[in-house]
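Shown next, in structure tokens, is the structure this report addresses.
The values are calculated or read from the model by the stated rules, or taken from the named source; none is laboratory data. Because the structure is predicted, anything quoted here is derived from the model rather than measured. Please note that ligands, DNA and RNA were not included when accessible areas were found on the heavy atoms of the full protein model with its side chains. Shrake-Rupley method; radii C 1.70, N 1.55, O 1.52, S 1.80 Å.
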Amino acid sequence: MLCPNCGADVPTGFRFCGSCGTKIDAGAAPARTIFFGGNQQAPGRAKLTVIKGEGVDGVTYLLNATEHLAGRTEGAIIFPDDPVLSPRHATFTYRDGKLHVVDEGSVNGVFVRIKTPMVLGSGALFLIGEQLLQIEPSPPDLGPQPDAEGTYFYASPKRPSKMKLIQRLRGGEIGMIYRSRNETISIGREGNDVNFLDDPFISGRHAQITMGLDGQVTLTDLGSKNGTFVRISDEIALEHGDHIFLGQQLLRVEVS
């Protein structure tokens, strides 16, 4: 058993921890997230591996309990030096034989890498390289509107558009806004409708947004090296090989 106070190993039958003296409940065997080492992964369970720079694997966490909380200061999976993480950020939990990730109301959300084209709702946020982007349909153009005295504001002409792509900057500010007059927006580093020349994590042709005849917007990754990540609204089931962004931490899911 494990001491609930200091985490030391306590031999079966002992009523007190030999390290700190805490009384042990003989009927309790609290589960915890442990570091992976050797063949410790239980069948049907998953592990999370932190991916560091250049794709190198970092620390791995075994998810052998029912729930595992991750955050900056709370839970078994803690990244205390990540200021983008909320103290209580997300929970990994098993339900119906599958691993799910639940956003615990975090400030910056949970992002999952898409494998196939994904339908986006209005205002959906997604990550491409270091860019946090948002897609919204363009509202209907009502034409020039005068003020209360009947004077029209002087401004550049507004071209009709179908949707707009918004760049979200640090601090919540809005950066670039691209209004598309067509049903598609291509995004990448060069040769696209929207280009981010100085972002080394974006591929030449990275992703594409398409609006259907019914107004439905779909995001497709174009085989980019580092992938396209969409912010989940609440929770989502995870599969073997999925990649997740929590704050500044990129995690890979592996299911035994």
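Rounded to the nearest 10 Å², what accessible area does R168 show when all protein chains are kept and the probe is 1.4 Å?
70 Å²
Please work out the Kirkwood hydrodynamic radius for region 99-215, using every pair of different C-alpha atoms, and report it in angstroms with one decimal place.
Its Kirkwood hydrodynamic radius stands at 16.6 Å.
Using a 1.4 angstrom probe on heavy atoms only, work out the carbon and sulfur share of the accessible area of the chain in %.
Its accessible area is 50 percent carbon and sulfur atoms.
Residues of region 117-256: accessible area per residue at 1.4 Å, in Å²?
Roughly 59 Å² per residue, with all protein chains present.
Please give the length that would be gained between E173 and I236 if that part of the chain were fully extended, namely 0.36 nm times their separation in residues minus their C-alpha to C-alpha distance (nm, one decimal).
Additional length available on full extension: 19.9 nm.
In percent, how large is the relative contact order of the chain, given Cα pairs closer than 8 Å and 6 or more residues apart?
In percent, rounded to a whole number, it is 19.
How large is Rg/Rh for the chain, to two decimals, with Cα atoms and a Kirkwood Rh?
On the Cα set of the chain, Rg over Rh gives 1.11.
Run the reach check for K98 against lysines, Cα to Cα strictly under 23 Å, same-chain hits fewer than 8 apart removed. What comes back?
Once the sequence-local lysines are set aside, what remains near K98 is K47, K115.
Give me the accessible area of S122, 1.4 Å probe, in Å² rounded to the nearest 10.
We get 100 Å² for S122.
Keeping all protein chains in position, work out how much accessible area V56 exposes to a 1.4 Å probe, and write it in Å² to the nearest 10.
V56 exposes around 80 Å² with every protein chain in place.
Rounded to the nearest 5, what is the percent of antiparallel bridges among the DSSP beta bridges in the chain?
95 percent
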